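Structure record follows, encoded as C-alpha cells.
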Amino acid sequence: MAEAHQAVAFSFQITHNGLEVDFDHEVLSSIWHSGTHSIIKHCQRHWHDLVAGLYPLQPYTLALFIFASLILKNVGLDPSFGLIAFIDHHVPLEYLAPSLALYLSCVLYGFLAWIGLILFIRYSLKILFLYKAWMYEPRGKISVTTRIWMALVQLLKGHNPRLCSYQGSLPNLPVPKLEDTLRRFLLTVRPILNDEQYSELEKLAAEFQQGVGKRMQRYLRLKSWWATNYVTDWWEEYVYLRGRIPVMVNSNFYVMVSCHVLPMPANFKYGLWYH
C-alpha cells in the first residue's frame, strides 16, 4: 500500500484545518514528458505518412510549383495553356480584387499541376514495375529493352525514399485465371485422395468452374481493380484473426518444413517448435 500511495501524483485530504492538497512534482513531470513524447511521435508518424504518400516529390516542391506559376504569369507567360484563365473565370471569386483572384487561380493551378505530376510519376512507375523480363535474362547480358527500362526507372524513382515510399507505385496483385486455380487445387489434393474421392472432387471442380465460380471470379477481379492486394484483408481476418486453429502449424508451414529439410540440432528444433 505504501508503494501505491507513492505512485499517486495528486492527492488531497480533509482535515480539521481544511483541505490539504499534495502534488508529486516528479511524477507529474514524468507524465507531462510522456504525453509530449507521445504527441511528437504521433506527429512524426503522420508526417512520414504524408511524405510517403507524396513521393517521389517532396512537400516543399508545392511552393516551387506555385511560385513558378506566379512568376511566369506576372512576366506575361501562361504555363497552364489557358487553365489559369479558365479557373479564374469559373471559380466564384467575384468578391475579390481581380489581381488577388488571379493570384489565387495561379495557386490553385500550381497545386493541381503538382498533384498531377505526382500521379503521373506514380502510375508511370506502376506500369514500369510490370516489366519482369529482366529476371529471365542471363547474367552479364542485358538487353536493350531492359537498359531502357532501367534508365526510365532511374529517372522517375526519386531520391532518398522512406519506408513504404513506393507502396503506391507497386502494381496491383494480379488475379490468376479460374482454370489455373482449379488445376493447382486438384494437383495439390491428389496425393491425399484415393481415385474415387479424386474423381468426385474433379466433378465438383468442373461444376464450380461452370457455375458460381465464374461469378465469384468477376467479383474478385473487380476487387483487384479497387484494392492493391485483394488477398490481404481476407487473409488477416479469416486466417489470422477468426481462425481458432494454431497459426504456426496450419499457416506458417514454411518454418515447419525447414525443420525437417535443413540439418540442425534436435534442441534447436524443439526450441523453434516451442516459440
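The values are calculated or read from the model by the stated rules, or taken from the named source; none is laboratory data. Keep in mind that what you see is a predicted model, and the values were worked out from it rather than measured. Every residue, glycine as well, gets a Cβ built from its backbone with ideal geometry; the counts of neighbours run over all protein chains shown. Only protein heavy atoms, including side chains, enter the accessible area calculation; ligands, DNA and RNA are left aside. Shrake-Rupley method; radii C 1.70, N 1.55, O 1.52, S 1.80 Å.
Looking at (1) open to solvent by 80 Å² or more (accessible area, probe 1.4 Å); (2) at pLDDT 90 or above, which is the one condition that is false for Trp134?
The one condition Trp134 does not meet is (2).
Identify, please: which residue in the stretch 93-107 is in contact with an Asp or Glu (Cβ under 9 Å, 6 or more places away or on another chain) and open to solvent by 40 Å² or more (accessible area, probe 1.4 Å) and is, among those, modelled with the highest pLDDT?
Leu104
Those residues that are under 25 Å from Tyr60 (Cα atoms), of a type in the set (Gly, Ala, Ser) and within 32 Å of the chain's Cα centre (by Cα), I need them from the stretch 77-134; list them, please.
Passing the criteria: Gly110, Ala113, Gly116, Ser124.
Considering only the stretch 1-92, give the helices (runs of 4 or more DSSP H) lying wholly within it that have at least 2 residues that are over 30 Å from Leu156 (Cα atoms) and either open to solvent by 70 Å² or more (accessible area, probe 1.4 Å) or modelled with pLDDT under 70 (or both). Before you say what the answer is, go through the steps one by one.
Details: elements: 2-7, 25-54, 61-74, 83-90.
Output list reads 2-7, 25-54, 83-90.
Identify the single condition in (1) at pLDDT 90 or above; (2) surrounded by 17 or more Cβ atoms within 10 Å (Cβ to Cβ) that Ile115 does not satisfy, given that it satisfies every other one.
Tallying (1) at pLDDT 90 or above; (2) surrounded by 17 or more Cβ atoms within 10 Å (Cβ to Cβ), Ile115 fails exactly one: (2).
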